[in-house]
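**Q** Got a structure for you, questions after.
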Amino acid sequence: LPDIPRTTIYELMAQDEALRPASPFPAAAIFDPCAAREEEDVQEAVRTLIGRTEVDASEIDEKFRCCGNGGHIRMANRDLYDEITDNRIRYSDKPYIVYCANCRETFSLKDKPNAHILDMTLGLEADRPVPSLMDKKRNSLEVKKTLMKNLTGSDFTPPANEWDDLRLVIDPALLEEMDRKLITEDDVREAIYTAEKTGQKFVSEDGVIQCSMIKPVITYWVQYRPTDSGAYEVVSAYSHRMRFGENE
């Protein structure tokens, strides 16, 4: 919507001389995100903020290149994602200062030292772990609750689902793998709940149950087994970007 005037938070912060971002590194390179390609005012504002730090900041030759997050490459083509992100990391041996949340997550997941200019300005830890998909969902809901309360005075309660109370037992290693595959605990809950309710599932000789859940673009598959406590232990979960109808 180019007809709507806007100002980014970076430009507003750059106007405040009292803001002095922290200096997480003695030296760093500035990684400009692809979304800032035509945003010269934003680029300048970020450099103004960095100029108030004690960081010896340098430029990289390749600017405005996709960090690897774009187009859901991480899910659709993991090998291409790794190739792109590894290439971007090699642009500089120095840590990166970024001003895109996706860039920060991409580089952090690849153990490339980096810091987001907002974290530096607000005094937050630059190396705190990347939140999981479920944590991001919860954080977004908390932000919406706070904004609606502050701006409209009304309370916001997320809509409830029938499967919300279904208890899962998931090994931490599997949770990490699910996060890499962009599968949330809620996706798994819904799949298991639907399978148990409809009876559309396969049961193997060792008691492991397999079910699928078809969404408009993605099909999820979950293997699980019930526990004595009433919870469901998740054995594995994966997805693919295609769907099959019941009679196909």
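The values are calculated or read from the model by the stated rules, or taken from the named source; none is laboratory data. Given the structure is predicted, the values throughout are model-derived calculations rather than measurements. Cβ sites come from the backbone with ideal geometry, for glycine too, and all protein chains shown count toward neighbours. To get the accessible areas, we keep the full protein, side chains included, count just its heavy atoms, and leave off ligands, DNA and RNA. Shrake-Rupley method; radii C 1.70, N 1.55, O 1.52, S 1.80 Å.
**Q** Restricting to the stretch 110-142, count the residues that are free of Cβ contacts under 8 Å to residues at least 24 places away in the same chain and hydrophobic (A, V, I, L, M, F, W, C).
**A** Matching residues across the stretch 110-142 total 3.
**Q** Moving on to the next point. Check off (1) touching a residue at least 40 places away in the same chain (Cβ under 8 Å); (2) within 28 Å of N102 (Cα to Cα) for L166 and give me the number that stays unchecked.
**A** Just one mismatch for L166, condition (2).
**Q** With a cut-off of at least 1 residues that are under 30 Å from R180 (Cβ atoms) and free of Cβ contacts under 8 Å to residues at least 12 places away in the same chain, name the helices (runs of 4 or more DSSP H) lying wholly within the stretch 1-79.
**A** 73-76
**Q** Sticking with this one: So which residues in the stretch 100-117 are surrounded by 18 or more Cβ atoms within 10 Å (Cβ to Cβ) and part of a helix (DSSP H, G or I), if there are any at all?
**A** Residues satisfying the conditions are C103, R104, E105, T106, F107, S108, I117.
**Q** Here is a further query. Anything in the stretch 44-61 that is open to solvent by 30 Å² or more (accessible area, probe 1.4 Å) and closer than 20 Å to S108 by Cβ? List them, or say none.
**A** The answer is A57, and nothing else.
**Q** Something else about it: Please count how many residues of the stretch 148-174 are open to solvent by 90 Å² or more (accessible area, probe 1.4 Å) and over 30 Å from P226 (Cβ atoms).
**A** Matching residues across the stretch 148-174 total 6.
**Q** Any idea which of E190, E205, E162, E196 is over 30 Å from K110 (Cα atoms), in contact with a Pro (Cβ under 9 Å, 6 or more places away or on another chain) and not in a strand (DSSP E or B)?
**A** E196
**Q** Would you check which residues across the stretch 175-200 are surrounded by fewer than 12 Cβ atoms within 10 Å (Cβ to Cβ) and hydroxyl-bearing (S, T, Y) and list them?
**A** Within the stretch 175-200, just T198 meets the criteria.
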